[in-house]
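A.B. asks: I am attaching a structure below and will ask some questions about it afterwards.
The values are calculated or read from the model by the stated rules, or taken from the named source; none is laboratory data. What you see is a predicted model, and the numbers here were worked out from it, not measured in a lab. Cβ atoms come from the backbone with ideal geometry, glycine included; neighbour counts cover every protein chain shown. Heads up: the accessible areas ignore ligands, DNA and RNA and are worked out on the full protein's heavy atoms, side chains in. Shrake-Rupley method; radii C 1.70, N 1.55, O 1.52, S 1.80 Å.
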Amino acid sequence: MTGAAALLRGALRLLRSGRRRTLLAAAGVLVAGAMAGAALTVSVGLGSGFDRSAERADLPDVVARFADQPPERIRARITALPNVAAYAPRTEIANVRLRAGGESTRRGSLQLVDTTARRGYAIVAGRDLPRTGGNTREALVEQGLARTWGLEVGDTIEVGRAGPVRIVGVSIAPDNVAFPLATAPRVYLSGTALAREFGGELRVNQALVWTHDRSRTDVTLQQARATTYGVGNLRFVTRTGTRLIIDQAAGVVVALLVAFSLVALIAATTMLAAQAATEVGRRLAVIGVQRALGVPRGAVAGEQALSAGIVGLVAGGIGVTLGALLVRGPSGDLLAALNETPPGSALLLPLAGLTVLLGLIAAVAAGWPAWRAAGRPPVALLRGGGLAARAPRRRAGGPGRAGFLGLGARLALARPGRAGATVVVLAASGGVILLMLGLASLLTALRDDPTAVGTRYALTVTAPAGGAAAVRRVPGVADAGTRVETRGVDSFALGEPVKLTTFGGDVGRFVNPPLADGRRVQGTGEVEIGTGLSTALGLGVGGTLAVQLQSGAELRLRVVGTVRALQDDGRVAFARSDRLLAADPSLTPDLAVRLERGADRAVVAARLAAIGATPTNVAGATTSNRSFLDTLATVLRAVALLDGLVCLYALVQALALTARERRPTLALLRAQGAGTGTVLRVLLGAGLVLALPGALAAFALQRLVFAPLVAQLAAGYADLGTAASPAAVAAVTAGFVLFAVVAAGWVARRVVAEPPVHGLREG
Amino acid sequence: MADASRPTPPRTVRPAHGPVGRRAPGGRARRRAVLVAVALLALVAGILVGRTTASSGPDRADAGSTLAVTLRDPTGSGALQPAPGEPLRDRTELAGTGAPPRPGRTLGVIAQLTDTHVRDTASPARIPFLDRLGTPFTAVFRPQEPLTLQTLAAATRTVNALRPDLTLVTGDLTDNSQENELDAAIGALRGGTVRPFDARSLQGADNADPFFYRPDVDPPRRPGLLDRARAPFRAPGLRGPVAVLPGNHDVLVGGEVRATPGLRATAVGAERLVTPDGSFARSVPREQAAAQESVNRLLAAGDLPGTTAPVRPDPRRRLLSGEQVVARLARAGLAGERAGRADAVRDVGTGVRVVLLDDVPRGGSDTGAVDAAQLAFLDRALTTGGDRWILVAVHAPLQRTPQGRAIRDRLARAPRVLATVGGDTHHDRVRPVRTAAGGYWSITTSALADWPQQGRALRVRATAGGGALLETHKLDTAPDGLADTARELAYLDAQGGRPDGNAGTPDDRNVRLYRAPPR
Amino acid sequence: MIAARGLVKTYGSGRAARRVLDGADLDVARGEVVAIVGRSGTGKSTLLHLVGALDRPEAGTIEVAGERVDGRSERELSGFRRRRIGFVFQFFHLVPELTGEENVLLPARLPGAPRGAREHGRELIERLGLGDAARRRPHELSGGEQQRLAVARALVLDPPVLLADEPTGNLDEESGAAVLALLRSAATADRAVVVVTHEPRTSAMADRTVTLVDGRLQPAEPLLFGGGR
């Protein structure tokens, strides 16, 4: 124990001795920790948000919607199904007018709840409708509606013909996104009380089903489909299906944010490691003295490791907490928009773990080089000013050209290890910033540009004289091909709508949504269906899709793959046109037009109209709800801000270290008569030789590693490229240059503040 | 040290040790005893250990008896698992006053299988499309229907393990009165190679209709099940004596319709109705009887209005008449024959008589009134039994059929009728029928076609005082890959025996049925 | 050329405070070579540093070539150093990454350096026979060559004052002699040279020798033996 205590004392002594340096190092750790903490908060919050909220709200495993039925018939059918643990009937009335506090909407969704059964929502304020039924004057409102309209428990809301009712509670149910992201806000009344009051029996159009074994829900569904004769307009949504819907509504953004946060976390830990190693570089003289005095290698390295670890833990802990608090607001708003709850205390453990991780990384990153340094002869270390004045290895081509900038560059490069570490830090942070900028532009793209979600054509046109060939000749058009799109229903009276989009020739030319199962359509008679359709009809790869067309004919196609298509709730199917046209020759094809990269849709549309091809825009996929996107942008910006600080800090530290090690050189220059400006030029040269390669590496890293990684993690939802635009790259490069200037200026001031003689005293 | 010079007379010295070395006298014997004791101990220990492991959890090695092992779904998730057996419960409604008497010697053991509904699923003479019209039509399709023959074969294995004196098959052996169905079922009962039917037209992956369970595509996924189901296999056949009664499905198309020329032509024809015309669906009445009428008319006309699919015409799908069915069964040694009906009397030992009554209407003009000749047969059977206890086997429970009334009257007067045994309802149900002559038990057994896919064992025992005791318990099908899959699918079927409560209550399954001595 | 009065400089703080210069005066005329001798730690280098504007006195005035040094801002001082002072250090202080020539020409690149400084520098290199050394890096050169490069560097901008702090401290006999000769020759009509040394040869070649006693300068005899280190 005395050994450990001695180690601890030594470590604390180290920290106290260079107090200013310790604080500086701690500042760096704090910033990295903040970034990591923010990233972790976002990841944990968004990544597990659905599951957490589904558990809390007791979300049913299957929700079936159908045309109104007498409740007994539904109860009999449901309880005959295998694997059913509980069942709750519900009546939903759509397009109900809601009015409260100056706001109103015609699209309210009124849910009449059977209060004797399980609810499938969680109460976040006030209380629930009582089990006994309560009275008809009490209501619950969904949290999205309460937030947007500023309603509270106790307020009154007018619900359609039921008139004014009192809000007794606020609920969330993660089976759909919140108002206003979802256009129909939900209000709950007691169906039991209503039935009692009006002495009738409520017809049921929703069944909430909980299964005993969630992994066998599909078996339950299969039986449900097989026994639904006589029940019209039937649709099923399972928990996984719900998750799909949420993802579609909130867009791929949620997954991207989580993926981005993970990347940021990796970058933060990398930076921390590089920084801790650099700190050891500063302390080589101390290590040399200790070794000269005979302190064992392990103790030396242990002290360094422990001191770095303490800084990592304490500063890291504070940073992590700060970062988590910083993103808590926007992240919470985002979760509320998805009808999900914030992780709350569930974050404590991961954040604590992260802090410990930061401490460990710092300790190891300091301990390992310290161990290596302690293995070298003390004399080499005591010469000070760095890891021995190694002779510069390469012949730099004359300072004549670049002058003092070049000199500064060479000074920085004289320590290739540290230069490399700084470039790595800049590259990682810069890559993250570029990624974030790419994501931001992606958000707008998702809103407006259909090609972001697997639909490769941006326009459809009626065929002009000259056909597809004439359209292809129009500048800005990359490809055009025939398309036949129609709506049908499934052939077996389940009432499932199917939007069938077919193309003459290769389907992949025009649609490319990410594959969930199976493969893409290759030949005739094959179809790829959206996951929404697959869930609704219980169709899997190898099954047969039978669509009843409006002409009355039936079309049968073999399912070869399931795709995540975001349009129409995924109730889409893509195939070749030949069979469709054979089944219904009355359908008229139009042309799908794929634009060249960078082409302006409006401009090309005008050109097409000019040749007689009337264009129609194809819509994008996600919500265009402005506030949602703003919230997302805020989260991105918060993390980016922290990231920028890290870059600045890395540069400042690199230059400060350079200035300190090359104090004699700088002092000499000043002795020769170099003023502040010259010193600044030297340091700027040192900074630029780090910043510019850092920017380049950041670009490469983002393009080659981060963007594909993020796209891969979010690939289940859309086919995305998150390559940063040239403008973003230029902005980041300019930013790095600016940081180099600021860092050089700051360090130069400190250098010039002391008389040159101090630097000259050293060897 | 004896003096070497003096010859010492040989002394008979009794050595301290045995003749082969340092052993005490009788040591060898003792060693042997020890070895034997050790061996015995090991044997006993082995048995005990084996017993413990066996009784520590139910295992399916006890071929099918639900007294030892039952199959239950404890978590409600739809997956069946072995569970402890169900012991016999006493039912003393007909036992008279006082404590139930002690059971005596066994007079006979009889096994009962019923309602196997062996079906040729691709036959044009079938009407599965009606399912989706909703009420009043109930589902005809069963997800386990490709496996009817495998289930039957597995059931025969359990029956063979029981070693009954007689095995009864109380009707609905086939599903659609087709020749190929009957031949396959007879093959399964007699033993030999069985060629099951191909179910791909209804349950293959290219059937887009989600009403049908397609094992390649629908959960629970069983890829390749249809190929395995139609692979020929070797059925062991029933070893002991067998007596079969036809049911309505054996003699009428769909159990309802008498075969008309049009229908006969359809059965061996080249087309199958897949989706009925919209007009038919709209015009069919919703009231039960009228709906059945209109469907019967449709089938009888041999008309197929709507979308059809081609099938390979198979002359072996020939629809058989009642006489033809009984004749075939009799030829196979599985039934008696009396005037075109499978009436028969089978005595088991000296204590039991089984009377088989074929009271199933043949359709058309034959509304099923039991004719005088049959009643005379019944009277003779009831009165010439002597001291035997009588079991009467019928297809449908007598309380439910118009023709049953006359039979019930006869049974009410017969003092030694112990029980009626039947099927048709696909439900297990055991009820006492109180009569002036002492009463009898009405036993209905659930179908092999549906959950719980069980047969029934019946043991007749004498009791002190001249009464009788009928111990009955259910028999699960023997462990077999396809038969187990069939049971799994039957359990999940939301239109099948589970939600319908086919398995009845515990008082309908493994019970001890007491009957007081005749007055 | 150099006129310093009443210079005061203290090192350390609290009880360890030491006044190394306590009212020191120094006068150096044009063309003069003055050697400051004495035991190490007595503040000789400090005095030099103050004259060369490398450090600030706590009190006193310094005038070099007609310019006041004390009390001026850093910006003014850097210009002063460039125009008026050439400094030679004990440890050479050549930039390891640059060649000999690049090192010598370093001051010529400073903003405000006069035109022709580079030619002058190259000429100096030739004159001092450092052509070969100029192509190499400092770590490839002997101490003597390095120091001579340093002297050339100090003279590139033709300063009126050349200050040398223990220039031969790290050199052997022969190199040291060469450097000293160089310094001697640097004391032209327009230039004063002040050398801090503890070596007899240096003081021998000087015009005048002074020493620091109790923080003040006093005339001294040229050293006969090496002064105590």
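A.B. asks: Pairs of alpha-carbon atoms within less than 8 angstrom and 6+ residues apart define the contacts here; what relative contact order does chain B have, in percent? If you can, show how the numbers build up before the last one.
C.D. replies: Working: 1114 pairs, mean separation 103.6, N = 519.
Answer for chain B is 20 percent.
A.B. asks: Between B:Ala83 and C:His139, what is the label-point separation in nm under the 7 Å Cα-to-beta-carbon projection?
C.D. replies: 8.4 nm
A.B. asks: Rounded, prolate or oblate: which fits region A:56-247 when a ≥ b ≥ c are the square roots of the eigenvalues of the alpha-carbon gyration tensor, with rounded for a/c under 1.5 and prolate only if a/b beats b/c?
C.D. replies: Prolate is the answer for region A:56-247, as a/c is 1.5 or above and a/b outweighs b/c.
A.B. asks: Output the relative contact order of region B:410-519, whole-number percent, from Cα pairs under 8 angstrom with separation of 6+ residues. Please report the intermediate quantities before stating the final value.
C.D. replies: Numbers: 221 pairs, mean separation 32.1, N = 110.
After rounding, I find 29 percent.
A.B. asks: Follow-up. Taking the Cβ-Cβ separation of B:Arg163 and A:Thr116 as r and a Förster radius of 60 Å, what is the calculated FRET efficiency to the nearest 0.05?
C.D. replies: That gives a FRET efficiency of 0.65.
A.B. asks: How large is the direction-averaged shadow of the alpha-carbon convex hull of chain B, in nm²? Kindly include the intermediate steps, with their values, before the conclusion.
C.D. replies: Values: hull surface 151.5 nm².
Approximately 37.9 nm², given one-decimal rounding.
A.B. asks: Any chance you could give the angle, 0 to 90 degrees and rounded to 10, that helix A:71-80 forms with the longest Cα principal axis of chain A?
C.D. replies: 60 degrees
A.B. asks: So how far, in whole Å, is the C-alpha centre of region A:330-344 from the one of region A:547-605?
C.D. replies: Comparing the Cα centres of region A:330-344 and region A:547-605, I get a distance of 37 Å.
A.B. asks: While we're on this one: I'd like the distance between the alpha-carbon centres of region B:229-254 and region A:27-96, rounded to an integer number of Å.
C.D. replies: When both Cα centres are located, 50 Å separates them.
A.B. asks: Only sites in a loop by DSSP and with at most 16 other Cβ atoms within 10 Å count here; which trypsin sites (Lys or Arg not before Pro) in region B:406-471 make the cut?
C.D. replies: Values: sites: B:Arg408, B:Arg410, B:Arg413, B:Arg416, B:Arg429, B:Arg434, B:Arg456, B:Arg459, B:Arg461; in loops: B:Arg416, B:Arg434.
Listed in order of number, the matching sites are B:Arg434.
A.B. asks: Could I ask something else about it? If you fit an axis through the alpha-carbon atoms of helix B:322-331 and take the longest principal axis of the Cα set of chain B, what angle between them do you get, 0 to 90°, nearest 10?
C.D. replies: 20 degrees
A.B. asks: Would you work out which of C:Gln90, C:Ala113, C:Ala16 lies farthest towards the positive end of the dipole of chain C? Charges go on Cβ: Lys and Arg +1, Asp and Glu -1.
C.D. replies: It is C:Ala16.
A.B. asks: Can you compute the modelled spin-label distance between B:Arg519 and B:Asp277, with each label point 7 Å from Cα toward Cβ, in nm?
C.D. replies: 6.3 nm
A.B. asks: For region A:311-324, in order, what is each residue's ³J(HN,Hα) by Karplus, 6.51 cos²θ - 1.76 cosθ + 1.60 with θ = phi - 60°, in whole Hz (x at glycine and Pro)?
C.D. replies: Along region A:311-324, the couplings run 4, x, 5, 6, 5, x, x, 5, x, 4, 4, 4, x, 4 Hz.
A.B. asks: Starting from the Cα of A:Arg166, step 7 Å along the direction of its Cβ; do the same at B:Thr350; then give the gap between the two resulting points in nm.
C.D. replies: That separation, rounded to one decimal, is 8.8 nm.
A.B. asks: Find the all-direction average of the projected area of the Cα convex hull for chain A, expressing the result in square nanometres with one decimal place.
C.D. replies: Numbers: hull surface 167.5 nm².
That works out to 41.9 nm², a quarter of the Cα hull's surface.
A.B. asks: Given a Förster distance of 56 angstrom, what is the FRET efficiency for A:Arg196 paired with A:Ala352, based on the Cβ-Cβ distance and rounded to 0.05?
C.D. replies: Numbers: r = 52 Å, r/R0 = 0.92.
It comes to 0.60.
A.B. asks: Additional query: Please report the antiparallel percentage of the DSSP beta bridges confined to the protein assembly as shown, to the nearest 5. Walk me through the intermediate numbers first.
C.D. replies: On the way: 137 of 199 bridges.
About 70 percent, rounded to the nearest 5.
A.B. asks: Evaluate E = 1/(1 + (r/R0)^6) for A:Arg19 and A:Ser215, where r is the Cβ-Cβ distance and R0 equals 41 Å; express this FRET efficiency to the nearest 0.05.
C.D. replies: Working: r = 59 Å, r/R0 = 1.43.
The value I calculate is 0.10.
A.B. asks: Averaging sequence separations of C-alpha pairs under 8 Å and six or more residues apart, then dividing by the length of chain A, give the relative contact order as a whole percent.
C.D. replies: Numbers: 1524 pairs, mean separation 128.9, N = 763.
Contact order relative to length: 17 percent.
A.B. asks: Charges at C-beta only: +1 for Lys and Arg, -1 for Asp and Glu. How large is the resulting dipole of chain A about its Cα centre, in Debye rounded to 20? Don't jump to the answer; show the numbers that get you there.
C.D. replies: On the way: 81 positive and 49 negative charges, 766 e Å.
For chain A, the charge dipole is close to 3680 debye.
A.B. asks: Residue farthest toward the positive end of the dipole of region A:453-617, with Cβ of Lys/Arg at +1 and Asp/Glu at -1: which of A:Gly552, A:Val474, A:Tyr457?
C.D. replies: Selected residue: A:Val474.
A.B. asks: What length, rounded to one decimal in nm, is gained on full extension from C:Glu174 through to C:Arg19, with 0.36 nm per residue of separation minus their alpha-carbon distance?
C.D. replies: 52.2 nm
A.B. asks: OK, next. Go ahead and set up a Gaussian network model of chain C, Cα springs under 10 Å, then flag whichever of C:Gly116, C:Gly43, C:Gly14 fluctuates most.
C.D. replies: C:Gly14
A.B. asks: How far, in degrees from 0 to 90, does helix A:348-374 lean away from the longest principal axis of the Cα atoms of chain A, to the nearest 10?
C.D. replies: Tilt of helix A:348-374: around 30 degrees.
A.B. asks: Under unit Cβ charges (Lys, Arg +1; Asp, Glu -1), what dipole magnitude, rounded to 20 debye, does region B:380-519 have relative to its Cα centre? Don't jump to the answer; show the numbers that get you there.
C.D. replies: Values: 21 positive and 14 negative charges, 224 e Å.
Using Cβ point charges on Lys, Arg, Asp and Glu, region B:380-519 gives about 1080 debye.
A.B. asks: Would you mind checking which residues have amide H under 5 Å from A:Val204's amide H? H placed 1.01 Å from N; only 5 or more apart, or other chain.
C.D. replies: A:Gln69
A.B. asks: Still on this structure, I have one more. Over the Cα atoms of the protein assembly as shown, Rg to Rh with Kirkwood Rh, two decimal places?
C.D. replies: Here the Rg-to-Rh quotient is 1.20.
A.B. asks: Total Å² of accessible surface buried at the A-C contact, 1.4 Å probe, nearest 100? Don't skip to the answer; put the middle values down first.
C.D. replies: On the way: alone 32210 and 10970 Å², together 40480 Å².
For chain A against chain C, roughly 2700 Å² becomes buried.
A.B. asks: Separate question: Given C:Pro57, C:Ala192, C:Thr209, which one lies farthest toward the positive end of the charge dipole of chain C, if we put +1 on the Cβ of every Lys and Arg and -1 on the Cβ of every Asp and Glu?
C.D. replies: Of the listed residues, the answer is C:Pro57.
A.B. asks: Relative to the present Cα-Cα distance, how much length would full extension add between A:Arg750 and A:Ser586 at 0.36 nm per residue of separation?
C.D. replies: Extra length available between A:Arg750 and A:Ser586 comes to 50.8 nm.
A.B. asks: Please turn the phi angles of region A:44-49 into ³J(HN,Hα) values with the Karplus equation 6.51 cos²θ - 1.76 cosθ + 1.60 (θ = phi - 60°), one per residue in order, whole Hz, x for glycine and proline.
C.D. replies: Result, ordered by residue: 5, x, 7, x, 9, x Hz.
A.B. asks: Compute the whole-percent fraction of alpha carbon pairs in region A:453-617 spaced more than 18 Å apart.
C.D. replies: Details: 7808 of 13530 pairs.
Above the 18 Å cut-off, region A:453-617 has 58 percent of its Cα pairs.
A.B. asks: Inside 10 Å of the C-beta atoms of A:215-225, what's the mean count of C-beta atoms belonging to other chains?
C.D. replies: Values: counts 1, 7, 2, 4, 9, 5, 2, 11, 11, 1, 5.
That works out to 5 on average.
A.B. asks: Next question. With charges set only on the Cβ (+1 for Lys and Arg, -1 for Asp and Glu), what does the dipole of chain B come to about its Cα centre, in debye to the nearest 20?
C.D. replies: Working: 70 positive and 54 negative charges, 686 e Å.
Result for chain B is approximately 3300 debye, rounded to the nearest 20.
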